[in-house]
Amino acid sequence: MKSMGLYNNVERILADLAAAGLGPDSPLTVSDLTPFDQYHYEGTVAVDEAAFALGATSGLEVLDVGAGLGGPARYLAETSGAIVTALELQADLDKLGAKLTERCGLAEHVHHVNGDILTDDLGAGRFGGMMSMLCVLHIADRDQLFSRCAHALAPGARIFIEDYYERAPMTEQEKADLAHDVSCPYLPDLETYVSQVANAGFIDIDVTDMTHDWTDFVAERLGAFRSARTELTDRYNPATVASLDRFYATVASLFDGGNLGGIRLTATRAGSNS
Ligand SMILES: C[S@@+](CC[C@H](N)C(=O)[O-])C[C@H]1O[C@@H](n2cnc3c(N)ncnc32)[C@H](O)[C@@H]1O
């Protein structure tokens, strides 16, 4: 996964904060961080959608699968009062995310866990909601993934997923770029995706196609990054800037090609816990 530019030198967020006048010991607010700690598309607007879909309210226990630096988890906890478990596979992201949460004074509301959704048991039926922003695309074993999600959720709990799907058959080059630059080893078409979610015990599955919005978003992200390239080279380092450029450019080109699609999926955990 570290072949992917987004996950290299994740400490660069400290340089972003320093450039905004926030030193390593300054207390932070969630809004100090949101320009830098959202690794999905459309920033906190997408997390607002998640909060609405989950019916997030004070005290609701929400599992964030693939939490990254914890940006969506902190924002959701602060804006809704939900108690969020931020599950993250990569130890460096998890550790830094926990430090940022502490600096925001949110450690009672966001619990960081370094682990793997495929294998970690977070407690059967424990959570009243789940969000997962651009994490599923990293995971090939969808049966195991969705059944572990179902296991962790209480009956009636809602899920909110933002993810990729195969909109039209990918070329071999696109598949190779996705696997190498985006660490995405597998993509189902939409019908297959929905049946995988249903087979794991979810009902009321609703899908919104985000492809057009995300195609624009990733093109603008690349443009903004390239406009700031000189400044960012000073702020980070040339290697970090080169690997981020490659990542942003690959994603923009894949969406522009029309075969990569994006979805927002909501569903409800059915039945009893197993
Ligand atoms: C594109 S990032 C998004 C991070 C965060 N959701 C956000 O929007 O800012 C996807 C994250 O999923 C994590 N991830 C991938 N596979 C995972 C797994 N099996 N269990 C837990 N986290 C995983 C990655 O390490 C990465 O940090």
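So the values come out like this:
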| item | result |
| --- | --- |
| Selection status of R103, among the basic types (K, R) and open to solvent by 40 Å² or more (accessible area, probe 1.4 Å) | yes |
| Residue check, L76 in a helix (DSSP H, G or I), open to solvent by less than 10 Å² (accessible area, probe 1.4 Å) and out of contact with any strand residue (DSSP E or B) (no Cβ under 9 Å at 6 or more places or on another chain) | no |
| Answer residue from the stretch 38-54, given it is within 13 Å of the ligand (Cβ to nearest atom) and in contact with a Gly (Cβ under 6 Å, 6 or more places away or on another chain) and is least open to solvent (accessible area, probe 1.4 Å) among those | Q38 |
| Search result, residues across the stretch 55-73 that are over 19 Å from L122 (Cα atoms) and surrounded by fewer than 24 Cβ atoms within 10 Å (Cβ to Cβ) | G55, T57, S58 |
| Residues located in the stretch 39-52, provided they are touching a residue at least 60 places away in the same chain (Cβ under 8 Å) and either more than 16 Å from the chain's Cα centre (by Cα) or not in a helix (DSSP H, G or I) (or both) | Y39, H40, Y41, E42 |
| Search result, residues across the stretch 64-91 that are within 19 Å of T119 (Cα to Cα) and within 11 Å of the ligand (Cβ to nearest atom) | D64, V65, G66, A67, G68, A86, L87, E88, L89, Q90, A91 |
| Helices (runs of 4 or more DSSP H) wholly inside the stretch 133-225 that include at least 1 residues being more than 16 Å from the ligand (Cβ to nearest atom), at negative phi and open to solvent by 50 Å² or more (accessible area, probe 1.4 Å) | 172-181, 190-199 |
| Any chance D94 is within 16 Å of the ligand (Cβ to nearest atom), under 24 Å from G156 (Cα atoms) and touching a strand residue (DSSP E or B) at 6+ places or on another chain (Cβ under 7 Å) | no |
| Of residues in the stretch 1-15 being at pLDDT 95 or above and closer than 14 Å to L69 by Cα, the one farthest from the ligand (Cβ to nearest atom) | L14 |
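The values are calculated or read from the model by the stated rules, or taken from the named source; none is laboratory data. Given the structure is predicted, the values throughout are model-derived calculations rather than measurements. A quick note on method: Cβ atoms are made from the backbone with ideal geometry, for glycine too, and the neighbour counts reach across all protein chains shown. What goes into the accessible areas is simple: the full protein's heavy atoms, side chains included, and nothing from ligands, DNA or RNA. Shrake-Rupley method; radii C 1.70, N 1.55, O 1.52, S 1.80 Å.
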